[in-house]
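The next block holds one structure in the form of structure tokens; read it before the comments.
The values are calculated or read from the model by the stated rules, or taken from the named source; none is laboratory data. Everything numeric here is computed off the predicted structure, so don't read it as measured data. Here the Cβ positions follow ideal geometry from the backbone for every residue, glycine too, while neighbour counts run over all protein chains shown. SASA here: full protein model, heavy atoms, side chains in, ligands and nucleic acids out. Shrake-Rupley method; radii C 1.70, N 1.55, O 1.52, S 1.80 Å.
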Amino acid sequence: MADRVFNFSPGPAVLPLPVLEQARDEMLALPGIGSSILEISHRSPAFDRILDETVAGLRGLLQIGDDHEIVFLQGGASLQFSMVPMNLLRGRSDKADYAITGTWGATAIKEARREGAVHVAWDGAGSNYDRLPDRGGLALSPRPAYVHLTSNETIQGVQWKREPDVGDAPLVCDCSSDFLSRPIDVSRYGLIYACAQKNAGISGVTVVILRKDLLERSRDDLPRMLDYRTFVKEGSRPNTPPTFAVYILGLICRWIRDKIGGLEAMARHNAAKAGLLYDVLDASGGFYAGHARPDCRSDMNVTFRLPDEALEKQFVSQAAAKGLVDLKGHRSVGGIRASIYNAMPVAGVEALRDHMLAFMESAATARTAAAR
Ligand SMILES: *Cc1c(COP(=O)(O)O)cnc(C)c1O
């Protein structure tokens, strides 16, 4: 433990220590199996059980009913930018509506344009994605094929606090960076997708939760491996799935259920952590300037600027010297980004808060000295 730092990476990101320890303990031999998870067939009874338990874990945490299927895919959230319109839009005359709330939403709509007609229901580019639409702010097309959202924009640090009303249109959501960080009412969604490497494990597996009736939209001209029906029919195993990533996802589900106490508790824990940092921003007299507007700032990715880039560089390097790493913001926003996903301990956030307070004070002292 002594040499683990507090890792604020946006993803792949920090994992819960008990999950890492269990994976380590079982690395050479799964209990009762005698082989590593890395060595067993994806068609073995041992992996059957791991996959079934992972699906059951997700169903339990998110209270997913029989109307929705859960499948595991590869290709990351990025492949879903393409698969969603391939399966839900291809060949249709209606439009897919997109709310462009940050870099990921902007990337998603580009792929949809290749498959059919799209409609921009809202675009935050004009203010460099520092906000979300106000109540009723989505300008939907008459009968959208679906409405696409990004629940948490990982780069800008803006997060929807609740779903907008989209009428009867299927709601499709890229939940990559806040999946399993809070409860969601899955029954309100047509399709949810999330890569695992932010809150739900490691890279390699992408979770797709989709309403069964939407499977009827997929056309027979789709390549087999890009057709959701294939993954439903084959139980996520039309070919070799990312077995280790599925195993870790299963451990994460169990950790949230047994150690945290479920998604309500997870959400409270995450909001409390984020609050520690936003309180510093709000009380800093503008020294730390948050990127996102207060009403939509993210509990996952806290983004802010300092008065100038030289100070930001110092802030990052002095933090690293204290074991607080990977705090540099994305180049499109600049400044600092602290990603404080599920597995970031409170102690890590408290250490960052203390660094922020100490750094602000030393900058003020240096300014006073220079003015003399
Ligand atoms: C990380 C991320 C992605 C990209 O995920 P990949 O697995 O790298 O394709 C897409 N959307 C959001 C919101 C993300 O946070």
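Here are the numbers for the structure shown:
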| quantity | calculated |
| --- | --- |
| Met86 being touching an Asp or Glu at 6+ places or on another chain (Cβ under 8 Å) and assigned by TED's automatic domain parsing to the domain that holds Val158 | yes |
| Top-ranked residue in the stretch 173-194 [being free of Cβ contacts under 8 Å to residues at least 40 places away in the same chain, farther than 12 Å from Glu69 by Cβ and within 15 Å of the ligand (Cβ to nearest atom); ranked as farthest from the chain's Cα centre (by Cα)] | Cys173 |
| Every residue from the stretch 284-303 that is farther than 16 Å from Ala272 by Cα and assigned to a strand (DSSP E or B) | Ala289, Gly290, Thr303 |
| Given (1) over 24 Å from the mean Cα position of the chain (by Cα); (2) under 16 Å from Cys175 (Cα atoms); (3) of a type outside the set (A, V, I, L, M, F, W, C), index of the condition Gly76 fails | (1) |
| Residues being within 12 Å of the ligand (Cβ to nearest atom) and at positive phi - total across the stretch 130-160 | 1 |
| Residue count for the stretch 70-93, restricted to those that are of a type in the set (Val, Ile, Thr) and more than 15 Å from the ligand (Cβ to nearest atom) | 2 |
| Any hit, the stretch 110-119, residues being more than 17 Å from Asn152 (Cα to Cα), within 16 Å of the ligand (Cβ to nearest atom), in contact with a helix residue (DSSP H, G or I) (Cβ under 9 Å, 6 or more places away or on another chain) and hydrophobic (A, V, I, L, M, F, W, C) | yes |
| So Ile100, is it β-branched (Val, Ile, Thr), in contact with a strand residue (DSSP E or B) (Cβ under 6 Å, 6 or more places away or on another chain), within 16 Å of the ligand (Cβ to nearest atom) and not assigned by TED's automatic domain parsing to the domain that holds Arg331 | yes |
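Yes/no matrix, rows are residues, columns are (1) assigned to a loop (DSSP other than H, G, I, E, B); (2) hydroxyl-bearing (Ser, Thr, Tyr); (3) open to solvent by 60 Å² or more (accessible area, probe 1.4 Å):
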| position | (1), (2), (3) |
| --- | --- |
| Pro12 | yes, no, yes |
| Arg49 | no, no, yes |
| Ile64 | yes, no, no |
| Ile70 | no, no, no |
| Ser82 | no, yes, no |
| Tyr98 | no, yes, no |
| Thr107 | no, yes, no |
| Glu115 | yes, no, no |
